[in-house]
Amino acid sequence: MIEIIGIFLSLLIFLSFSFFPLNTKTYEKILVIKINCIYDYLFLNLLINFVILFLISFTNIDYFNYFLFVVISSLILNIIYYFDNFKSKFKFFKNLNFVFFLIINLFLFTYLSKDPTLSWDGLENWYYKAQAFFYNHSFFDLKNIRGVDYYPHFGSFLWAFFWKNSLLQYEYSGRFIYVFVFLLSIFSISNLIKNKNNLKIITITGLILICFDSFLFKGYQEVLIFSFLIFALKNFFYYLQNQRKFFLIISFVCFNFLPWFKNEGYIFLIIFCLSLLILIKQFSKKNEILTFILFSFSMLIIKHLLFANYYETNLVHGGNFYFPNLAETISFINLFTFGLIVALLKYKIWIFILLSFYLFFKNKKLFKDSKKLINVLKINLILFFILLFGIYFSVINHDYGLSWWIDNSLDRIIYQISGLFVIGIIISINNIKIKV
């Protein structure tokens, strides 16, 4: 019984961080334009708190004080706000879609608590970082912690923060935040579906079923990359539609969190920036796009300098560019192609992503309202597959062997990348006639 109470309390904690510091009225004033999405509002608050927690992770500040401040402030301010706006705002909690969101969170929290074991990488690398933060260490104390020290830390910090500030302080309760962010991203992107409430529920359910992988919630960080890419592209889409810097800033923050979750985030961010440079002529506000790129590279340099000064840096994991002979090249192509097909079939979201690209090419006129975003998605798809080819080409001569790298990492990289393209599925749904 106490574990069930702990699960409910974890959800309430996440909601506290998602309802503060902005209330809905303030959020609407910031937007100026009308975008009726509960989940964008929740994520923006969560993102603000993540930025603050990220800064705290570099200090010796006792983060329990910040936890109390957010929970108490959120409770007081929202009670006052909703009593003042009872008639117009109480409907927020009567939204059936939001009730579904809460129920799915509780279900997946319970599912995770039934099998809380950690996977190999989660236990050997990420857990020890989380454990260090659990005991109030900072980023600068991780040098002697077990695991790969050049792995970034922020996903583990979030894990530790919500682990320590849970009712029973069970380790797995910290990982509930990964589930919450994952579901928030799915519900948020599905809300782009226009005037088709039943179809929204079907899409949400379908995306959860094909994107939820219990293995990745056993200490891996891929889910955070996947979810933040969804939010990054959704806000970039809003920016293209409305030309408001507010959305570009949110997209910027999302993209620049990626390298602090996993080292692959470096190249994901670089690839996206490169795609913007390639398509720079299509943007009406070129200076804002160039600023986005400039500041993104500046943030990457800052991260690299931090790790260069305090920890090791090894972004290629021992890979190197080696020129194989013909037989090795043929073997590489066969192994890589087979591994890629297996990875795409494992994460079936890619079937729908590739189908959406087929529709983009088949009927360009149908998608003319989303032309700019689709161009960005097309360039990114090409660049990402070139990237994958390059990554695995660099480990042909690695000590572990090419097969080991393909078997142990290709599917997870494919999963992370898919978050960037989920919006393409939603755009396709909005532009084809489906009677539901």
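The values are calculated or read from the model by the stated rules, or taken from the named source; none is laboratory data. Quick caveat: nothing in here was measured; it's all calculated off a predicted structure. Please note: Cβ atoms are built from the backbone with ideal geometry, for glycine as well, and neighbour counts cover all protein chains shown. Note: accessible area is taken over every heavy atom of the protein model, side chains too, but ligands, DNA and RNA are not part of it. Shrake-Rupley method; radii C 1.70, N 1.55, O 1.52, S 1.80 Å.
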- Message: Pairs please, first residue from segment 270-296 and more than 21 Å from residue 381 (Cα to Cα), second anywhere and open to solvent by 80 Å² or more (accessible area, probe 1.4 Å), Cβ atoms under 8 Å, 6+ apart in sequence or on different chains.
- Response: 288/245
- Just a yes or no: is a residue in segment 219-231 surrounded by fewer than 24 Cβ atoms within 10 Å (Cβ to Cβ) and more than 12 Å from the chain's Cα centre (by Cα)? no
- Among the residues of segment 286-302, count how many are more than 20 Å from residue 233 (Cβ to Cβ) and either among the acidic types (Asp, Glu) or crowded, with 17+ Cβ neighbours inside 10 Å (or both). 0
- Message: I need every pair where a residue in segment 95-111 that is polar (S, T, N, Q) has its Cβ under 9 Å from the Cβ of a residue that is open to solvent by 50 Å² or more (accessible area, probe 1.4 Å) and assigned to a helix (DSSP H, G or I), sequence separation at least 6 or different chains.
- Response: 97/197; 97/201; 110/3; 110/4
- Message: List the helices (runs of 4 or more DSSP H) inside segment 355-436, counting only whole elements, that have at least 2 residues being touching a residue at least 60 places away in the same chain (Cβ under 8 Å) and within 22 Å of the chain's Cα centre (by Cα).
- Response: 371-393, 411-431
- Message: I'd like to know if segment 175-191 contains one or more residues that are at pLDDT 95 or above and of a type in the set (D, E, K, R).
- Response: yes
- Note on the structure: The number of residues in segment 202-218 that are open to solvent by less than 10 Å² (accessible area, probe 1.4 Å) and within 16 Å of residue 102 (Cα to Cα) is 1
- Query: Any idea how many residues of segment 370-412 are at pLDDT 90 or above, open to solvent by less than 20 Å² (accessible area, probe 1.4 Å) and β-branched (Val, Ile, Thr)?
  - Reply: 2
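Considering only residues of segment 356-369 that are in contact with a Phe, Trp or Tyr (Cβ under 9 Å, 6 or more places away or on another chain) and at pLDDT 90 or above, which is most open to solvent (accessible area, probe 1.4 Å)? Can you show your working first?
Residues of segment 356-369 in contact with a Phe, Trp or Tyr (Cβ under 9 Å, 6 or more places away or on another chain): 356-357, 359-360, 366-367.
After this cut, where a residue has to be at pLDDT 90 or above as well, the list is 356-357, 359-360.
Numbers: 356: 3, 357: 9, 359: 42, 360: 4 Å².
Only one residue tops the list, namely 359.
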- Give the residues of segment 11-25 that are within 9 Å of residue 41 (Cα to Cα) and touching a Phe, Trp or Tyr at 6+ places or on another chain (Cβ under 7 Å), sorted by residue number. 23, 24
- Test each condition in (1) open to solvent by 30 Å² or more (accessible area, probe 1.4 Å); (2) modelled with pLDDT under 95 for residue 199 and report the one that comes out false. (1)
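Name the residues in segment 156-184 that are in contact (Cβ under 8 Å) with a residue 12 or more places away in the chain and not in a helix (DSSP H, G or I), would you? Full working, then the answer.
If we filter segment 156-184 for residues that are in contact (Cβ under 8 Å) with a residue 12 or more places away in the chain, which is where we start, we get 156-168, 170-184.
Answer for segment 156-184, where residues must be in contact (Cβ under 8 Å) with a residue 12 or more places away in the chain and not in a helix (DSSP H, G or I): 165, 166, 167, 168, 170.
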- Restricted to segment 153-163, and to residues that are within 14 Å of residue 138 (Cβ to Cβ) and not hydroxyl-bearing (Ser, Thr, Tyr), which residue is surrounded by the fewest Cβ atoms within 10 Å (Cβ to Cβ)? 154
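Against the definition (within 23 Å of residue 238 (Cβ to Cβ) and of a type in the set (Val, Ile, Thr)), how does residue 427 come out, yes or no?
Details: within 23 Å of residue 238 (Cβ to Cβ): yes; of a type in the set (Val, Ile, Thr): yes.
The answer is yes for residue 427.
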